[in-house]
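Comments concern the structure below.
The values are calculated or read from the model by the stated rules, or taken from the named source; none is laboratory data. Since the structure is predicted, the reported quantities are computational estimates derived from the model, not experimental observations. FYI the Cβ positions are ideal-geometry reconstructions off the backbone, even for glycines, and counts take in every protein chain you see. Heads up: the accessible areas ignore ligands, DNA and RNA and are worked out on the full protein's heavy atoms, side chains in. Shrake-Rupley method; radii C 1.70, N 1.55, O 1.52, S 1.80 Å.
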Amino acid sequence: EGNLDVADEIVGNSSLESGDKNGGPTYTSEGAKAMVAGVRTLLSNVKRELHSMHAEGEYVAINSTLSGIHSGSWGPIPYPPTGEQITISGLAVFQFENGLIVDEPWSNWNLSGRAQQNAAAIVCRQVAAACVRKYVSDVWNGANPESADALLAPDVRQTNPWSEGVEPGADGLRSAIERIHADKPGFVLEPTVHTNHDSGETVFWTWSAKNVGGQADGIAMTRFENGRIVEDRICS
């Protein structure tokens, strides 16, 4: 519900050995509020659905799903909004002292069957994949060409079957796209993004093209830095 002040009532300041290297508090109410605020900046209509819970001693394990619409940017996930649904599921273990949460010593999240402990990295994969789909839809297929300003770095390095003779960078990529649409009316690039194999910053995808005078398909790699595309290689 976004009531961040509840954290002051249920989260204690941890100085456990599993904390930072200086032995200071690492799991705090302020830290929990900052993390939740960041997630709610990144995702609108965010919801964490609790599926099951198990308590033993000072530990409580939960199985939950986090979902929302990618509508903003947040520190470790700086990509421009895509409007896509983001969903991850996983397990988390919380540790209690004197009735307060003092640590989250273990978590394991899943994306398409691939487990990883870092939830932010998994969300980053989904968001990066969504950005590639938006890039193809808006920029390559012309749904919203202005999106190029938010998606592309000015000096993006680009290689594709239609870029011969154009200048480098974002302007050259725009020229290549304009040329293929002028030469082949109805041109459509259809991507299949492989989220299981990307690292968040680098996304691999396969593609097929329609209305190019025959069958055209291949593989592609799109690399991001600070949420913008700095390298795009489309190979037939």
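Considering Val127, Val193, Val203, Val188, the condition of being under 25 Å from Ile77 (Cβ atoms), hydrophobic (A, V, I, L, M, F, W, C), in contact with a strand residue (DSSP E or B) (Cβ under 6 Å, 6 or more places away or on another chain) and open to solvent by 20 Å² or more (accessible area, probe 1.4 Å) is satisfied by Val193 alone. All conditions in (1) within 19 Å of Val11 (Cα to Cα); (2) of a type outside the set (Val, Ile, Thr); (3) modelled with pLDDT under 95 hold for Met53, with the sole exception of (3). Restricting to the stretch 76-94, what's the tally of residues that are over 12 Å from Leu43 (Cβ atoms) and open to solvent by 10 Å² or more (accessible area, probe 1.4 Å)? Residues flagged as over 12 Å from Leu43 (Cβ atoms) and open to solvent by 10 Å² or more (accessible area, probe 1.4 Å) within the stretch 76-94 amount to 7.
Scanning the stretch 149-166 for residues that are open to solvent by less than 50 Å² (accessible area, probe 1.4 Å) and in a loop (DSSP other than H, G, I, E, B) yields Asn160, Trp162, Ser163, Val166. Among the residues here, Ser73 qualifies as in contact with a helix residue (DSSP H, G or I) (Cβ under 9 Å, 6 or more places away or on another chain), in contact (Cβ under 8 Å) with a residue 40 or more places away in the chain and either under 30 Å from Ile177 (Cα atoms) or buried (at least 19 other Cβ atoms within 10 Å of the Cβ) (or both). Scanning the stretch 119-142 for residues being in a helix (DSSP H, G or I), of a type outside the set (A, V, I, L, M, F, W, C) and under 20 Å from Leu189 (Cα atoms) gives a total of 5. Residue-level check: of (1) open to solvent by 30 Å² or more (accessible area, probe 1.4 Å); (2) of a type in the set (Ser, Thr, Tyr); (3) in a helix (DSSP H, G or I), Ser208 misses just (3).
Quick one: how many residues across the stretch 211-236 are surrounded by 15 or more Cβ atoms within 10 Å (Cβ to Cβ), closer than 18 Å to Thr82 by Cα and charged (D, E, K, R)? Total meeting the criteria: 2.
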